[in-house]
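The values are calculated or read from the model by the stated rules, or taken from the named source; none is laboratory data. Treat the numbers as computed from the prediction; the structure is a model and nothing was measured. Reconstructed Cβ throughout: ideal geometry from the backbone, glycine too, with neighbour counts over all protein chains shown. Surface areas here come from the heavy atoms of the whole protein model, side chains and all, with no ligands, DNA or RNA. Shrake-Rupley method; radii C 1.70, N 1.55, O 1.52, S 1.80 Å.
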Amino acid sequence: MFMQRFIAVAVAAVFVPLAAQAAQFQATPGIFDGSTTGSSYLGAGGSTPMFNQALGQVMDAGDGAFDAFGFYNSGVGSLVQQRQVELLSGNVYRFYDSFTNTGSTSVSTTLNFFGNLGSDGDELVHHAAGGLLVSCENDGMDACGSDPVLALVSGNNGLGHASLTPDRYNVSFEVTLAAGQTLSLLNYAFLARDLNGPTAADVSLAITTGQGLLTQPLLQGLSTQQISTIANYTLAPVPEPGTWAMALLGLGVVGAVSRRGRRRS
């Protein structure tokens, strides 16, 4: 129960900006599962020979946001990869990938998370720091074109090194896995676009939401074991039940004092 409350508070904190932003478009599912697209994918990493398309990638996402976004195109090698990709509420795509070294010796590699953006041209970068990159399609006059504004989040502890060239997003993770070890990486993509087209407010919304995902990543639906293996985030500890109880007691005392003050006045 305490964990559920904690997650609910975290989700609310991240998406407060959305409440103030009117008339946002709704991202379409577009997550490829090997034969069709939907709102989630759970399974092995890699590609399907029939289509030569990476499993769990996002195709389009609405208003031309992506061509083929969100898969590892190099570095997996002999590691066993499992994916959990979802479109969460509020136009947030979450990519959770675990990599396991099933061999008898350690493996050092550079895993590369890749996305082909839908802009098909120059990117106008509004923010690039601390694991957050916010950009939009450049309309040729240094303003956002018709595609959604993107907030691309690669972690908050410096493990991921993100870069954006026209139409291409890459995040490299240099990792070493001991024999039998599992390591997981968590990436997010948030889409902001007014129904009438991207605005300066959408850029601000993308930056604010991206920063929220850095400080309080959305973890609902992931098990405690999954969360414990995440390598590219330093996660704040979940308060113990006793801590929550003391905080609630403190709020109750403050409320009682406030009510007494109002009665006296």
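So which strands (runs of 3 or more DSSP E) are wholly in the range 44-91 and hold at least 1 residues that are of a type in the set (Phe, Trp, Tyr)?
On the way: elements: 58-60, 66-74, 80-88.
In the range 44-91, the matching strands (runs of 3 or more DSSP E) lie at 66-74.
Take the conditions of a type outside the set (A, V, I, L, M, F, W, C) and within 22 Å of Gly212 (Cβ to Cβ) and apply them to Glu86. Does it pass? Judged against the criteria, Glu86 is a match.
Tallying residues that are under 24 Å from Leu124 (Cβ atoms) and open to solvent by 20 Å² or more (accessible area, probe 1.4 Å) within the range 29-67 yields 5. Checking the conditions here, which among Ala236, Ala192, Ala200 is of a type in the set (A, V, I, L, M, F, W, C), loosely packed, with under 14 Cβ neighbours inside 10 Å and in contact with a helix residue (DSSP H, G or I) (Cβ under 9 Å, 6 or more places away or on another chain)? After applying the criteria, what remains is Ala236.
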